[in-house]
Amino acid sequence: MLSQPLICPACGSENIVGVEQCGSCQQSLTELSLKKPRSSVEASLLRDVVGDLPVHAPLAVSPTDTVAAALSAMDAGRVGCVVVTEGERMIGIFTERDALVRLTGDLATVRTEPISKYMTAHPARIAASDKIAFAIHQMELGGYRHLPVMEGERCVSVISIRDILRYLTERISDGAA
Amino acid sequence: MDWQLSLETERVTAAHPESPLTTRGDASIDAVLELLRSNHRGAVLVLDGEKMVGIFTERDALRLMARGADLSAPVRTVLATTPISVQRDVTVGTAIRRMSDGGYRHLPIVDYTGRPSGMVTVRGILRYLVEHFPDTIYNLPPASTPSSQLREGA
């Protein structure tokens, strides 16, 4: 029986079992030769990239928009975060968590202030070509619930912990069927 | 151990539930927001005696702040319907599905009398997953950068 191809964790190419380097990107595969994914979910995690998740176009606000405008956009758009952009360039992110933690004091005053005062500048980011396992790692390490997916300086999507849960539940039921 | 199997056999208590943060229905929304902040939590259970009558989350906080609501009002006036909860003997897989289907980030664990004993969070679930895929998740290079462009190298 032929064994399963070895999937390179860096570029996703298939290699024959036993090779030391990935044929397309030269990533060392020696560790992987010893272990095989233990389940189909684990195999999916090694293969699938952030770009395989549904795209959620970011809700963008400008740095001079008021806190009230940003909050209303999040409420109306039923999203957990807005991306703060200057032209095409993302300069920050503001989440539901930030609203709770940072908007203290007199809310009537705070609501009129610019969102740039309360946003997180230079948030953690990922690319569509990053592995889903990498996105999970980032979220777990940083305690993030949202990660902007970047194309250069432009945010093209925002993935959330909810997308990850959905991705996993789909894989779990696939496996059980 | 096979991961899918463990999802269907392991109890939800393995997914790092937090101890429940609770308040009473007559507490003001302002006080509840402060409770969430000081405890670094995203949700609080509202109790009537020992029984859970509602859940107040960050999402509710955002909605109220966005609409400029009166935050001195008692929290019971803004509670949604009774939250979905699970008992402590359900599996991790069931809890994940229930959260994913309902779009919940918090899932209270209650005993048969309706008394809350814990709270499952998406973060706890994520941690559980990471613990079960350490090889896959931690050994991954951050970006697909080839170690050398040319096979012949230097």
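The values are calculated or read from the model by the stated rules, or taken from the named source; none is laboratory data. What you see is a predicted model, and the numbers here were worked out from it, not measured in a lab. Because the Cβ atoms are built from the backbone with ideal geometry, glycine has one as well, and the counts that use them run over all protein chains shown. Just so you know, the surface numbers come from the protein's heavy atoms only, side chains and all, with ligands and any DNA or RNA stripped out. Shrake-Rupley method; radii C 1.70, N 1.55, O 1.52, S 1.80 Å.
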Exercise. Could you say whether any residue in segment B:40-49 is within 17 Å of the chain's Cα centre (by Cα) and away from chain A (no Cβ under 14 Å)?
Worked result: yes
For this session: Name every residue in segment A:147-164 that is open to solvent by 30 Å² or more (accessible area, probe 1.4 Å) and more than 7 Å from chain B (Cβ to nearest Cβ), in order of residue number.
Result: A:151, A:152, A:153, A:154, A:156
For this session: Select the helices (runs of 4 or more DSSP H) contained entirely in segment B:1-72, then report the ones holding at least 1 residues which are more than 23 Å from residue A:169 (Cα to Cα) and either open to solvent by 10 Å² or more (accessible area, probe 1.4 Å) or modelled with pLDDT of 95 or more (or both).
Result: B:29-39, B:58-66
Seminar exercise, completed: Within segment A:36-79, the residues that are open to solvent by less than 20 Å² (accessible area, probe 1.4 Å), at the interface with chain B (Cβ under 10 Å from one of its Cβ atoms) and charged (D, E, K, R) are A:42
Problem set entry | Residue, nearest to residue B:60 (Cα to Cα), within segment B:103-122, restricted to residues that are more than 12 Å from the chain's Cα centre (by Cα) and open to solvent by less than 80 Å² (accessible area, probe 1.4 Å) | B:116
Exercise. If a residue has to be in contact with a helix residue (DSSP H, G or I) (Cβ under 8 Å, 6 or more places away or on another chain) and modelled with pLDDT under 75 to count, how many in segment A:10-30 make the cut?
Worked result: 1
For this session: Collect the residues in segment A:113-126 that are within 12 Å of chain B (Cβ to nearest Cβ) and either open to solvent by less than 30 Å² (accessible area, probe 1.4 Å) or touching a Phe, Trp or Tyr at 6+ places or on another chain (Cβ under 7 Å) (or both), keeping them in residue-number order.
Result: A:118, A:124, A:126
For this session: Select from segment A:70-95 the residues that are among the basic types (Lys, Arg) and at negative phi and list them in ascending order.
Result: A:89
For this session: Kindly establish whether residue A:82 is among the β-branched types (Val, Ile, Thr), under 26 Å from residue B:127 (Cα atoms) and surrounded by fewer than 22 Cβ atoms within 10 Å (Cβ to Cβ).
Result: no
Exercise. Is it true that some residue in segment A:165-172 is among the hydroxyl-bearing types (Ser, Thr, Tyr), open to solvent by 50 Å² or more (accessible area, probe 1.4 Å) and free of Cβ contacts under 8 Å to residues at least 24 places away in the same chain?
Worked result: no
Problem set entry | Residue satisfying all of: in segment B:78-102; surrounded by 15 or more Cβ atoms within 10 Å (Cβ to Cβ) and facing chain A (nearest Cβ under 9 Å); nearest to residue A:166 (Cα to Cα) among these | B:100
